[in-house]
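Structure first, commentary second.
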């Protein structure tokens, strides 16, 4: 009966819809009228596309909902339902009666009965962390303590809680500290493989050494990111958009500290007092189809921007996943101190 908890009227604010989707395991909200007839559906992907399009979170959910969702009548044959989901590349199917009223939801995860994700997670943990000196003089940045755990352990447990169990750590600076602490991952009930960078290889150069064969998309994440991203939603977003790569981004606001003069050729036409401009910045979290890794030159220095530029040049599709959850890049001392302050409130 959990599906009844995700029924919402069309006037519901997007911010409230986010809470409903995040609170319940179905990962969808169904928009209905007063007679319980289905008006539309809202998934995490719809919300993130709305963010990219500049729709404010205090707008009504009508602004972002899918007004023509695929629905099914009540069907007992689970194989038939699974086939409909796969053909249409969907994770959810609202079930409606003859009058269009909602009577249930069929979900891909329930039909597959799988609690573990087969996607590999690669964590880039080989950086020097020079901007965090002297904290990193004797400790690799991913092993710095946040709360009562090293940052890298917090990242690992976040993934484990969401069903991931295959990990690859790319290591270089003080690598033995990381290997000694994590071993093969059995302490956490997962498998950890290591890529050893014998020199600086850039932000993604070490991915050329990724040894595992897989047909599933691979998550790649910087080892200095503290975040509450829902990685299951990230994978679903990547698959839905059918691109070869997905780049997670974060909104960054910059306020001009002066009044801005608006001009048209040589004429003043107005003023804007201390305007705020919003841009999206690279959040250091990616999803790649396995075929993308072959574009990375073997065992050499290579940055993420080089890889993405090659993909853009060859016309490959790169999706953008806006992060709406907590996120901080621990690049400097002030970021480290902020993460420590945030930890008890955000992760406890």
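Annotations
- When restricted to residues that are surrounded by 22 or more Cβ atoms within 10 Å (Cβ to Cβ), in a helix (DSSP H, G or I) and touching a residue at least 40 places away in the same chain (Cβ under 8 Å), the range 160-182 contains 1.
- Matching residues in the range 121-142 - criterion: being part of a helix (DSSP H, G or I) and either outside the structural domain of residue 182 (by TED's automatic domain parsing) or under 26 Å from residue 288 (Cβ atoms) (or both): 141, 142
- Sole exception among (1) buried (at least 18 other Cβ atoms within 10 Å of the Cβ); (2) out of contact with any strand residue (DSSP E or B) (no Cβ under 9 Å at 6 or more places or on another chain); (3) more than 27 Å from residue 245 (Cβ to Cβ) for residue 146, by number: (2)
- Residues that are closer than 30 Å to residue 91 by Cα and touching a residue at least 12 places away in the same chain (Cβ under 8 Å) do not occur anywhere in the range 133-144.
- The residue list 336, 347 contains one member that is within 29 Å of residue 253 (Cα to Cα) and within 20 Å of the chain's Cα centre (by Cα), which is 347.
- Any strands (runs of 3 or more DSSP E) falling wholly within the range 251-329 and containing at least 3 residues that are without any contact (Cβ under 8 Å) to a residue 40 or more places away in the chain: 259-264, 267-273, 276-288
- Restricted to strands (runs of 3 or more DSSP E) entirely inside the range 187-231, those with at least 2 residues that are surrounded by fewer than 20 Cβ atoms within 10 Å (Cβ to Cβ) and touching a helix residue (DSSP H, G or I) at 6+ places or on another chain (Cβ under 9 Å) are 191-196.
- Residue match in the range 248-263 (condition: closer than 19 Å to residue 162 by Cα, in the same structural domain as residue 158 (by TED's automatic domain parsing) and modelled with pLDDT of 90 or more): yes
- Every residue from the range 85-103 that is surrounded by fewer than 16 Cβ atoms within 10 Å (Cβ to Cβ) and at pLDDT 85 or above: 87, 88, 97, 98, 99, 100, 101, 103
- All positions within the range 236-249 that are in a helix (DSSP H, G or I) and surrounded by fewer than 21 Cβ atoms within 10 Å (Cβ to Cβ): 236, 239, 240, 241
The values are calculated or read from the model by the stated rules, or taken from the named source; none is laboratory data. Keep in mind that this is a model prediction, so the values were computed, not measured. Methodologically, a virtual Cβ is constructed for each residue, glycine included, from the backbone with ideal geometry; neighbour enumeration extends over all protein chains shown.
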